[in-house]
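Peer 1: Okay, here's the structure, questions in a sec.
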Amino acid sequence: MTDSVKVTPPPHDPIAASLTPADDRIVLSHWLPPQEGIVPRIRIGRRWVSILWMLPITAVALMFMIAFAQSLRELPDVQAFIREYGGIPQAAPSVDTGFPWWLRLQHFLNMLFMMFIIRAGIQILADHPRLYWKRDCTPGTDWFRFQKAVPTGRIWTSKDDSVTLPGWLGIPGIRHSIGLARWWHFSVNLLWVLNGIAFYVLLFATNQWLRLVPVTWDVFPNAVSTAIQYASLNFPVDHSWTRYNGLQQLSYFVTVFIAAPVSIATGLMQSPAISNRLGLLGTVLNRQAARSIHFISFSWFVLFILAHGIMVFVTSLRQNTNHMFAGVANSSWVGIPWFIAAMVIVGLAWWTASPLTLSHARLVQRVGAFMIGWLKGLAEWWEPNAQLTEKDISPHFWINGTMPKWDAFDAPLSDNFSSYRLRVGGLVEQPREFSLAELRAMPKQEQITTHFCIQGWSGVAKWGGVPMCHILDLVHPKADAHYAVFYSFADGGDAGRYYDVHTIGNMRHELTILAYDMNGAPLTVLHGAPLRLRCENELGFKMVKWVAAIEFVHDFADLGAGQGGYNEDHEFYGYRMPI
Ligand SMILES: Nc1nc2c(c(=O)[nH]1)N[C@H]1C(S)=C(S)[C@@H](COP(=O)(O)O)O[C@H]1N2
Ligand SMILES: [Mo]
């Protein structure tokens with residue numbers, strides 16, 4: 001954050017004195033108190049059905065399936081069918097190179113990465129434990145949740161809605177730890193994607209792709225045949241060393257070539273900067289649709305991993321581990337120690353991930369920013385600028401954040417903000433103070449945009465206010481002013497004032513405004529009156545509500561804990577958050 005320009009910074013805005021330093025680890029007594037969720041439920045029509053029902057239903061279905069498959073196999077026609085389609089498509093070419101070292105290594109890395117990705121992903125979901133298809137996230141329109149119905153008749157912020165997970169499941173498990181979970185999810189995703197790209201390249205550079213990609217229609221009757229054989233508990237012959245059976249091939253194909261790319265695409269489409277850049281696609285496949293599809297794809301992975309894991313054990317563990325961990329085709333014991341070693345590594349990583357994240361939260365934030373900060377910076381350059389129409393305005397718009405202490409706020413509130421003054425200062429040629437009337441007299445910009453909260457919900461509203469670039473033109477930031485600091489009237493959730501830092505570049509974005517209107521009416525106090533920031537290529541927490549002062553600075557390392565904002569300091573979020 002430092003460069004060669006040596007300037008003596010002017011004294012900070014008085015509010016800077018009420019920022020607090022923050023711990024570099026998570027101190028549970030200062031954290032949001034735990035709150036249990038409920039067993040996940042799926043909405044069918046108007047009824048919420050617990051997913052625990054899936055256990056007896058699956059058990060009964062399995063019993064019927066076995067009985068049905070066994071009686072099928074007594075039919076002469078079915079026997080003839082299975083003789084003709086034994087399971088492995090006859091026309092499928094066979095792979096003569098076994099399981100090479102790179103494939104075995106990538107398989108192991110994939111297993112290790114998936115453990116982090118899935119756990120951190122569940123943690124992210126627990127910050128807004130509901131799924132929807134429509135972008136507005138109106139309470140009652142969720143189709144999946146592991147939280148009670150949204151309480152009515154009281155203020156219920158989206159932070160109130162977050163739930164605790166067991167530490168062995170989520171990373172790090174505690175409530176509202178999405179900042180840390182995202183570093184894990186995104187950093188390991190990057191490794192997983194790199195591993196995946198290398199895997200695709202090597203598959204097609206060798207003949208290994210023939211194992212996974214069906215090249216004959218015969219794969220379908222053979223998959224049916226394999227399914228009947230497995231279901232009747234009389235398993236088909238296995239020739240995995242050279243060729244997979246139809247069912248194996250189809251399920252591996254779906255996992256590698258459909259579920260993985262779908263997960264990546266729908267993951268990225270939940271980002272404000274990317275979704276707002278995609279035009280129609282971002283509108284049709286809105287953030288909630290992308291989030292729901294991301295979850296369905298995740299469910300496929302979990303089912304696949306369960307089924308795959310079970311099959312490894314029930315169809316000759318020794319032979320399977322010899323293939324995938326030792327790269328040999330025999331029935332010796334040579335693969336087992338490798339398999340156990342791999343499991344121990346995954347197990348150790350599993351066991352230590354949550355406690356280490358709590359005790360070294362700042363480190364997780366730093367390493368995460370190092371690994372994917374550049375990607376997030378890149379997304380800001382795309383200048384996302386999607387706008388919607390009046391009919392897209394959400395019937396409900398969640399609220400978030402810690403409300404201002406009313407006493408500090410009483411004077412401006414009781415006189416309808418006529419005594420309110422926005423201070424704009426710091427490294428500017430013309431420090432200024434503006435009353436709300438003066439701001440309202442300036443050029444007004446209206447925009448209908450989607451709000452993307454880091455926790456997962458979204459909503460569309462029409463915002464009206466002063467373009468930030470107009471304010472910039474009035475105060476003239478000096479050449480060495482690199483950032484704009486927004487100070488709020490309200491404190492953050494734990495201690496110290498809420499604030500956030502933006503680059504000057506972001507302040508010149510065509511959709512960055514100081515909003516005083518929402519949906520055609522003056523902003524309500526809950527949504528940030530008298531003034532809140534809208535900066536549409538960033539996540540919601542960057543848009544400070546109840547703005548008291550704006551200060552232009554050269555560097556933000558000496559503010560609060562130096563991370564560029566209240567949530568960055570206290571909740572380990574990243575300072576650039578277009579994704
Ligand atoms: N002062 C202040 N501003 C804040 C917050 C806060 O806690 N304090 N929360 C942020 C978060 S996390 C979000 S998602 C948005 C929510 O804006 P809304 O309440 O209008 O939906 O405000 C942002 N601005
Ligand atoms: Mo948020």
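Peer 1: May I ask for the distance between the Cα centers of the stretch 424-470 and the stretch 73-94, given as a whole number of Å?
Peer 2: 68
Peer 1: Okay, moving on. For the stretch 386-570, what is the charge dipole size about the Cα centre, in debye to the nearest 20, if Lys and Arg each add +1 at the Cβ and Asp and Glu each add -1 at the Cβ?
Peer 2: On the way: 15 positive and 23 negative charges, 80 e Å.
Computed charge dipole of the stretch 386-570: roughly 380 debye.
Peer 1: If you don't mind, there's one more thing I want to ask. More than 27 angstrom separation, counting every C-alpha pair in the stretch 386-570; what % is that?
Peer 2: 22
Peer 1: What does DSSP give for the chain in terms of the percent of beta bridges that are antiparallel, rounded to the nearest 5?
Peer 2: Given both bridge residues lie in the chain, the antiparallel proportion sits at roughly 90 percent.
Peer 1: Tell me, what is the Rg over Rh of the stretch 323-385, with Rh the Kirkwood radius over Cα pairs?
Peer 2: Across the stretch 323-385, the Cα-based Rg/Rh ratio is 1.29.
Peer 1: Using alpha carbons only, how many angstrom separate the centre of the stretch 513-579 from the centre of the stretch 472-491?
Peer 2: 12
Peer 1: So for each of 231-241, 27-37 I average, over its residues, the number of other beta carbons within 10 Å; can you give me the resulting order with the highest mean first?
Peer 2: Descending mean neighbour count gives 231-241, 27-37.
Peer 1: For the stretch 184-246 and the stretch 125-165, write down the distance between their C-alpha centroids in whole Å.
Peer 2: Distance between centres, Cα-based: 38 Å.
Peer 1: About its Cα centre, what dipole magnitude does the chain give when the only charges are +1 on Lys and Arg Cβ and -1 on Asp and Glu Cβ, stated in debye to the nearest 20?
Peer 2: Using Cβ point charges on Lys, Arg, Asp and Glu, the chain gives about 1160 debye.
Peer 1: Then there is this: Residue separation times 0.36 nm, minus the C-alpha to C-alpha distance between residue 72 and residue 102: what's the value? Let's see the in-between values first.
Peer 2: Numbers: separation 30, 0.36 × 30 = 10.80 nm, distance 4.15 nm.
The span from residue 72 to residue 102 would gain 6.7 nm if fully extended.
Peer 1: Work out which helices of the chain, taken as complete DSSP H runs, extend at least 15 Å along their axis over the Cα atoms and score a mean Kyte-Doolittle of 0.5 or more, then list them.
Peer 2: On the way: long enough: 54-72 (25 Å, 1.92); 101-126 (38 Å, 1.15); 178-205 (39 Å, 1.35); 219-231 (17 Å, 0.75); 287-314 (40 Å, 1.32); 335-359 (36 Å, 1.42); 361-381 (28 Å, 0.55).
Sorted by number, the helices that extend far enough and score high enough are 54-72, 101-126, 178-205, 219-231, 287-314, 335-359, 361-381.
Peer 1: So what does log10 I(q)/I(0) come out to for the stretch 41-379 at q = 0.09 Å⁻¹, using the Debye formula with one equal point on every Cα and no solvent?
Peer 2: -0.60
Peer 1: As I understand it, the dipole of the chain uses +1 on the Cβ of Lys and Arg and -1 on the Cβ of Asp and Glu, about the Cα centre. Which of 530, 178, 319 lies farthest toward its positive end?
Peer 2: 319
Peer 1: I'd like the per residue volume of the convex hull spanned by the Cα atoms of the stretch 298-358, given in cubic angstrom. Mind showing how you got there, number by number?
Peer 2: On the way: hull volume 5.8 nm³, N = 61.
For the stretch 298-358, the hull spanned by Cα atoms encloses 95 Å³ per residue.
Peer 1: What do the square roots of 5 times the Cα gyration tensor eigenvalues come to for the chain, in whole Å, largest first, as semi-axes of the equivalent ellipsoid?
Peer 2: Numbers: eigenvalues 551, 128, 92 Å².
That gives 52, 25, 22 Å for the three semi-axes.
Peer 1: Continuing with the same structure: Give me the orientation-averaged projected area of the Cα convex hull of the stretch 168-300, in nm², one decimal.
Peer 2: Approximately 11.7 nm², given one-decimal rounding.
Each value in this text was obtained by applying a stated rule to the coordinates, not by laboratory testing. All values reported here derive from a predicted model rather than from experimental measurement. Using ideal geometry, Cβ is built from the backbone for each residue, glycine included, and neighbour counts are taken over all protein chains shown.
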